[in-house]
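The values are calculated or read from the model by the stated rules, or taken from the named source; none is laboratory data. Because the structure is predicted, anything quoted here is derived from the model rather than measured. Positions of Cβ are backbone-derived with ideal geometry, glycine not excepted, and every protein chain shown enters the neighbour counts. Please note that ligands, DNA and RNA were not included when accessible areas were found on the heavy atoms of the full protein model with its side chains. Shrake-Rupley method; radii C 1.70, N 1.55, O 1.52, S 1.80 Å.
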Amino acid sequence: MQVNSRWNAPTGPLGRLTAAADGRAQALESSVASLRERALARDLPPSFAAALRAGTTVSVIAELKRRSPSKGTLNAGLEAAGRASLYAECGARALSILTEPEEFGGSTQDLLDVSRRVSVPLLKKDFHVAESQVWEARANGASAILFIARALPPDRLPVLVRAARAAGLDALVEIR
C-alpha cells in the first residue's frame with residue numbers, strides 16, 4: 001500500500017467550512033488571554049472519555065444540531081439548553097454541541113447555555129484549526145473538543161491535541 005505523505009488542504013464543503021473556521025479563529029486571537037483566564041477560572045469539566053467508559057450499557061452521545069449542509073434544516077427552533085436537559089435526563093452520557101454558525105446553525109452561546117444547565121460532559125463540535133478555539137471551548141464549558149484530521153496539516157493536529165490536554169479537555173479526533 002502506498003501512502004501519500006503530501007497533505008493538500010481540503011476542498012469542497014470541508015474546505016469551505018475549514019476556511020470559515022480559520023476566519024473565526026483569527027478573530028479570536030485578540031481575546032486569547034481573556035479566554036484562557038475565563039477557562040482557568042472555571043472548575044475542571046467532567047471527563048468526556050470517562051463518561052463514555054462508565055457503566056455496563058451502551059454510552060450515548062446525544063447531538064444538538066439545527067441544520068446540516070447535506071440535509072438542510074433539521075430543527076431551526078432548537079432551544080439548546082432545554083433539549084440538552086431532556087437528553088441528559090433520558091440517560092445520555094455526553095452531549096455533542098454543534099457550534100458552527102453558518103451551515104449548522106450552532107453557536108458558542110449554545111455551548112455556554114448548555115454548560116450552565118447540565119452536568120454531563122460536552123463536546124464542542126466544530127471545525128477547529130487553532131489553539132484559540134481550544135481556549136474558547138474550555139471557557140464556554142466544553143469537556144472535549146473535536147479535531148477533524150483531514151482538515152488539518154499533519155504537523156498541526158498533534159499541536160492542537162497537546163493544547164487541548166493542557167487546557168483540561170479531552171480530544172476527539174475524527175478520521176475518515
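Quick notes
- All strands (runs of 3 or more DSSP E) inside segment 58-176 with 1 or more residues being farther than 22 Å from Ala27 by Cα and polar (S, T, N, Q): 94-98
- Among the residues making up segment 35-51, those that are under 14 Å from Ser119 (Cα atoms), open to solvent by less than 90 Å² (accessible area, probe 1.4 Å) and of a type outside the set (Gly, Ala, Ser) are Arg42, Pro45, Pro46, Phe48.
- Ala88 meets each of the listed conditions (1) open to solvent by 80 Å² or more (accessible area, probe 1.4 Å); (2) under 20 Å from Pro46 (Cβ atoms) apart from (1).
- Sub-8 Å Cβ pairs linking a first residue in segment 80-107 that is without any contact (Cβ under 8 Å) to a residue 24 or more places away in the chain and over 18 Å from Ala21 (Cα atoms) to a second residue that is buried (at least 22 other Cβ atoms within 10 Å of the Cβ) and of a type outside the set (Val, Ile, Thr), at least 6 apart or interchain, are Arg83/Leu64, ordered by first then second residue.
- Single residue of Ala62, Ala54 found to be without any contact (Cβ under 8 Å) to a residue 60 or more places away in the chain, of a type outside the set (Asp, Glu) and either in contact with a strand residue (DSSP E or B) (Cβ under 6 Å, 6 or more places away or on another chain) or buried (at least 17 other Cβ atoms within 10 Å of the Cβ) (or both): Ala62
- Scanning segment 17-51 for residues that are part of a loop (DSSP other than H, G, I, E, B) and either touching a residue at least 12 places away in the same chain (Cβ under 8 Å) or in contact with a helix residue (DSSP H, G or I) (Cβ under 9 Å, 6 or more places away or on another chain) (or both) gives Arg42, Leu44, Pro45, Pro46, Ser47.
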